[in-house]
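Some notes on the structure that comes next.
The values are calculated or read from the model by the stated rules, or taken from the named source; none is laboratory data. Treat the numbers as computed from the prediction; the structure is a model and nothing was measured. Cβ coordinates were reconstructed from backbone atoms using ideal geometry, including for glycine residues, and neighbour counts include every protein chain displayed. In case anyone asks, the SASA skips ligands and DNA or RNA and just uses the protein heavy atoms, side chains included. Shrake-Rupley method; radii C 1.70, N 1.55, O 1.52, S 1.80 Å.
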Amino acid sequence: MLKKRYLFISRLLRIFQFCKQWSMVDVFVVGVLVSLIKLVNLVDVVYEFGFWSYITFALMFILAMSRFHVQVMWEFFFPKTETERPIISGITAYKQDFADCHLCGGIVDVRKGYNCPRCGAVVASVNENCIQKCLAFLIAAVAIYIPANMYPMMITVYMGNGEESTILEGVVVLWEMGSYFVSAVIFLASVCIPILKIIVLFYLCCMYKTFKRAKKKKMLGILYRTVEYIGKWSMVDVFVVAIMVSIVRMGNIMIIDPGSALVSFGAVVILTILAAKQFNPKILWLNSVDNNDGEQNE
């Protein structure tokens, strides 16, 4: 059990772990830079002290987050205790009904429950439910992604005339204006990455049933880690629109308003992130181990 004097630290570590998973400071910095590049084509931009202060803060924050290891702090304040049942070497922990805690790295005896005795987090069970939850989020993301591309992402009102632009129309306009870098970033973040995430996660869910025939099994793990990492970068376009809406307010000359697709696209990004979190990659490797054991018994 946790020591009473360290209960506050335990809550802080859990809050930090949650905030770290959803932190998008680096994505917001890229969104700010892309927005400023787009604004250069409209007005003269002067970078003041606040801009450089925020860029410095973001870099220091990202560096600090990369150097802070939550599991080391858990081990320092709450050292691991020996399990009541002995752990046999040479046999997987799954077959011995042991699991590792995703939050603190502790060993959990699932025969006594799925709550970690050190941090209290619930250890996800490795079963087909994670595949079903992942598919449910993916299907919802696909359904919302269609209107996110059909309806306008941003509405530009210039001299009283409004012009709506979808994601692809905005990419084409930026390319024709000569903003090749911004156009490429928006295209990758808003079109390529969401489609890639959905296709790869669907592929991983399908490979669960045919994992025995997979030739490059390590490649599946690399695909999952890649999708999990790039998931948040689709928010670049959402941040760009939000920044442009808050900055471009030039009276009756030019006003930029958010389109109805902004909420839909943001929902798609969140749903794909949740789908990746619901998918437990251990189910692939455990399936592989069971298949190998079956082949040896034969």
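Tell me the label-point distance for the pair Leu36, Gln71, using the 7 Å Cα-to-Cβ offset, in nm and rounded to one decimal.
For the pair Leu36/Gln71, the computed spacing is 3.7 nm.
Determine ³J(HN,Hα), in whole Hz, for all residues of the range 219-230 in sequence, where each value follows from phi through the Karplus function 6.51 cos²θ - 1.76 cosθ + 1.60 and θ = phi - 60°; x replaces Gly and Pro.
5, 5, x, 5, 4, 5, 5, 5, 5, 5, 6, 7
Just by accessible area at a 1.4 angstrom probe, what is the order of Trp22, Trp52, Trp74 from largest to smallest?
Trp52, Trp22, Trp74
Could you sort Ile167, Ile247 by their accessible area in this structure, using a 1.4 Å probe and putting the largest first?
I get Ile247, Ile167, largest accessible area first.
Between Glu163 and Ala267, what is the FRET efficiency for a Förster distance of 25 Å, r being their Cβ-Cβ separation, to the nearest 0.05?
Result of the calculation: an efficiency of 0.55.
Calculate the spin-label point distance for Glu82 paired with Lys282, positioning each point 7 Å from the Cα along the beta-carbon direction, and give it in nanometres.
Inter-label distance under the simple model: 2.4 nm.
Which residues' amide hydrogens lie under 5 Å from the amide hydrogen of Cys104, considering only partners 5 or more residues apart or on another chain, with H built in the peptide plane?
It is none; the list stays empty.
Figure the gain on full extension for Leu59 and Ile247 (residue separation times 0.36 nm, minus the Cα-Cα span) and round it to one decimal in nm.
65.3 nm
In a shell of Cβ-Cβ distance under 12 Å around Pro152, excluding Pro152 itself, what net charge do Lys and Arg (+1) and Asp and Glu (-1) give?
Local net charge: -4.
Do you know the Lys pair count in the range 1-141 for C-alpha distances under 28 Å, with sequence separation 8 or more or different chains?
Total qualifying Lys-Lys pairs in the range 1-141 comes to 13.
With a 1.4 Å probe and all protein chains left in place, how much of the accessible area of the range 1-113 comes from carbon and sulfur atoms, in whole percent?
66
Residue by residue, what Karplus-based ³J(HN,Hα) values in Hz, rounded to whole numbers, does the range 64-72 have, using 6.51, -1.76 and 1.60 with θ = phi - 60° and x for Gly and Pro?
The phi angles translate into 5, 5, 6, 9, 9, 10, 5, 5, 5 Hz.
In whole angstrom, how long is each semi-axis of the equivalent ellipsoid of the range 73-123, when you take the square root of 5 times every eigenvalue of its Cα gyration tensor and sort them from largest down?
Equivalent ellipsoid of the range 73-123: 19, 12, 9 Å, largest first.
Amide H to amide H under 5 Å from Met154: which residues, 5+ apart in sequence or cross-chain, H placed 1.01 Å off N in plane?
Sorted by chain and number, the residues that satisfy this are Ser165, Gly259.
With the crude spin-label approximation of a point 7 Å out along Cα→Cβ, what separation in nm comes out for Val25 versus Asp97?
4.4
Across the range 96-107, in residue order, what do the Karplus-derived ³J(HN,Hα) couplings come to in whole Hz, using 6.51 cos²θ - 1.76 cosθ + 1.60 with θ = phi - 60° and x for Gly and Pro?
Values, residue by residue: 9, 6, 10, 8, 9, 7, 6, 8, 10, x, x, 9 Hz.
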